[in-house]
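The values are calculated or read from the model by the stated rules, or taken from the named source; none is laboratory data. Everything numeric here is computed off the predicted structure, so don't read it as measured data. In this analysis, Cβ positions are derived from the backbone assuming ideal geometry, glycine residues included, and neighbour counts consider all displayed protein chains.
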Amino acid sequence: MLSSLFSKESTVGIDIGSSFIKAVEVTPTTQGWEVAAAAVEPCPRETMKDGVITNVHEVAAAIRGLLREAGIRATGAICGISGSQVIVRQVQFPKMTEAVLRKSIKYEASKYVSSSIEDSVVEFEIIGDAEEPGQMNVWLVAAPREMIDSRVAVLESAGLEPLAIDVEAFALIRSVVELSSSDRYLHETVALVDMGASHTDVNVVSRGEFALTRNIPIAGDSFTNAIKNLTGASFDESEQMKLEMARQCPLDELDSGDSECRSWRVVQPLIDELIREIRRSINFYHSQFPEGHTEAFVGKVILTGGSARMLGMDRYMSSKLGIPTEVARLFEDSAISIEKLSPDFLDKHRPVLAIGAGLAIKELIADVKQKAA
Ligand SMILES: Nc1ncnc2c1ncn2[C@@H]1O[C@H](COP(=O)(O)OP(=O)(O)OP(=O)(O)O)[C@@H](O)[C@H]1O
Ligand SMILES: [Mg+2]
């Protein structure tokens, strides 16, 4: 009874990026789920360091403003974490109960965490039996305690009730793969690449299951800083120049020669370096399988995040990587209704809403899975 009451409540996913805060409210209706409201607003500058929110007050105030403006009334909120300090690994353990595993997980995590394990939050999920008899596979997640605590504090200070703090990669899989009504993801391996401002995340998803995540410190801010160094303009001016450049000269048309955008000359090598890093991540995934294994073959790259909005990025990456690449057509072919969002808003923000939407449905999906079990 309690769970059916709970499932009628809206939840809001709050994706606090270093550059923009995204909020997506999802409501269960008799027809299914619906995005009741969504909003994207700049994140106050200098309020985050290495994924830790250093100015809780200012970020909470920005979230409050954003909720008010978008008319978001849900109070249950889910926030995400990502970045090089968030460790997500598949590890093997001898078969044991969850309670026993909980006792040994910290020791295992200490092998991967560079700072003190006492300053980390460690979580896990048993995936199932490993190939080796008597062993099981486990997802291990570890993150600096400050990263989690600062998010809980921000949500509470914004008047929200923190329901969960989730890994952004998991949220992305939920909104792009699990929400898709087509079953194409159940048969292939894809790379979900989120290109934000401070970093790019590469997440490999094989037959609908999360397989690997890697963090690359090249993204939108790197491009803006390159223009800033070239021109001597301020960061904000350089950001405007970047957006203008990306609008006027599509990236995939640069190689044809006569680009008039001087700034591309400093940004293009960074994009090439980023693409080489994405290739390395895919090769690393590949190397875990025996020769010719079909699961090892990454058949598609799907882009999300603000920097994926650069004109021609999909076609450029496709030709450099040799893998078909597309910008996520979030909410298309999807089990979620978006009638309440205006076409203009969607046109502008669709690929940046992926993590927020995935966060918003975390508890709703868990509820559905629980009922189906
Ligand atoms: N049309 C566009 N062309 C080029 N870059 C764009 C465009 N729109 C947004 N961006 C860039 O996308 C970035 C913001 O994307 P996003 O909101 O995904 O980042 P974020 O989540 O705040 O950052 P992070 O997750 O890395 O902390 C900025 O660097 C911005 O300049
Ligand atoms: Mg982001």
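So here's what we get for this one:
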item: Single residue of the stretch 165-194 satisfying the filter (free of Cβ contacts under 8 Å to residues at least 40 places away in the same chain and surrounded by fewer than 20 Cβ atoms within 10 Å (Cβ to Cβ)) that is nearest to ligand 1 (Cβ to nearest atom); result: 184
item: So residue 282, is it under 23 Å from residue 254 (Cβ atoms), surrounded by 15 or more Cβ atoms within 10 Å (Cβ to Cβ) and away from ligand 1 (no atom under 13 Å from the Cβ); result: no
item: Matching residues, the stretch 332-344, being buried (at least 17 other Cβ atoms within 10 Å of the Cβ) and within 16 Å of ligand 1 (Cβ to nearest atom); result: none
item: Strands (runs of 3 or more DSSP E) lying entirely in the stretch 72-182 (those with 2 or more residues that are within 16 Å of ligand 2 (Cβ to nearest atom)); result: 76-81, 161-167
item: Flag if residue 288 is over 23 Å from the mean Cα position of the chain (by Cα) and within 28 Å of residue 86 (Cβ to Cβ); result: yes
item: Test: residue in the stretch 320-331 that is farther than 29 Å from residue 181 by Cβ and either in contact (Cβ under 8 Å) with a residue 40 or more places away in the chain or surrounded by 13 or more Cβ atoms within 10 Å (Cβ to Cβ) (or both); result: yes
item: Residue 197 assigned by TED's automatic domain parsing to the domain that holds residue 267, within 16 Å of the chain's Cα centre (by Cα) and within 16 Å of ligand 1 (Cβ to nearest atom); result: yes
item: In the stretch 276-328, the residues that are within 16 Å of ligand 2 (Cβ to nearest atom), not in a helix (DSSP H, G or I) and not polar (S, T, N, Q); result: 302, 303, 305, 310, 327, 328
item: Pairs with Cβ under 9 Å, 6+ apart, first in the stretch 98-112 and more than 17 Å from residue 135 (Cα to Cα), second among the charged types (D, E, K, R); result: 106/118; 109/89; 112/89
item: Test result for residue 203, more than 16 Å from ligand 2 (Cβ to nearest atom), polar (S, T, N, Q) and at pLDDT 95 or above; result: no
item: Restricting the stretch 345-367 to residues that are in contact (Cβ under 8 Å) with a residue 12 or more places away in the chain, assigned to a helix (DSSP H, G or I) and away from ligand 1 (no atom under 16 Å from the Cβ), the residue that is nearest to residue 21 (Cα to Cα); result: 362
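Listed here are the residues, each with its yes/no results for (1) outside the structural domain of residue 37 (by TED's automatic domain parsing); (2) more than 21 Å from residue 251 (Cβ to Cβ).
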{"residue": "322", "(1), (2)": "yes, no"}
{"residue": "335", "(1), (2)": "no, yes"}
{"residue": "340", "(1), (2)": "no, yes"}
{"residue": "345", "(1), (2)": "no, yes"}
{"residue": "350", "(1), (2)": "no, no"}
{"residue": "358", "(1), (2)": "no, yes"}
{"residue": "361", "(1), (2)": "no, yes"}
{"residue": "364", "(1), (2)": "no, yes"}
{"residue": "367", "(1), (2)": "no, yes"}
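To keep it simple, each residue is scored yes or no on (1) away from ligand 2 (no atom under 16 Å from the Cβ); (2) closer than 19 Å to residue 71 by Cα.
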| position | (1), (2) |
| --- | --- |
| 332 | yes, no |
| 339 | yes, yes |
| 343 | yes, yes |
| 352 | no, no |
| 366 | yes, no |
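Yes or no, residue by residue, for (1) outside any strand (DSSP E or B); (2) within 16 Å of residue 363 (Cβ to Cβ); (3) modelled with pLDDT of 90 or more; (4) within 13 Å of ligand 2 (Cβ to nearest atom):
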position: 4; (1), (2), (3), (4): yes, yes, no, no
position: 13; (1), (2), (3), (4): no, yes, yes, yes
position: 21; (1), (2), (3), (4): no, no, yes, yes
position: 25; (1), (2), (3), (4): no, yes, yes, no
position: 36; (1), (2), (3), (4): no, yes, yes, no
position: 41; (1), (2), (3), (4): no, no, yes, no
position: 44; (1), (2), (3), (4): yes, no, yes, no
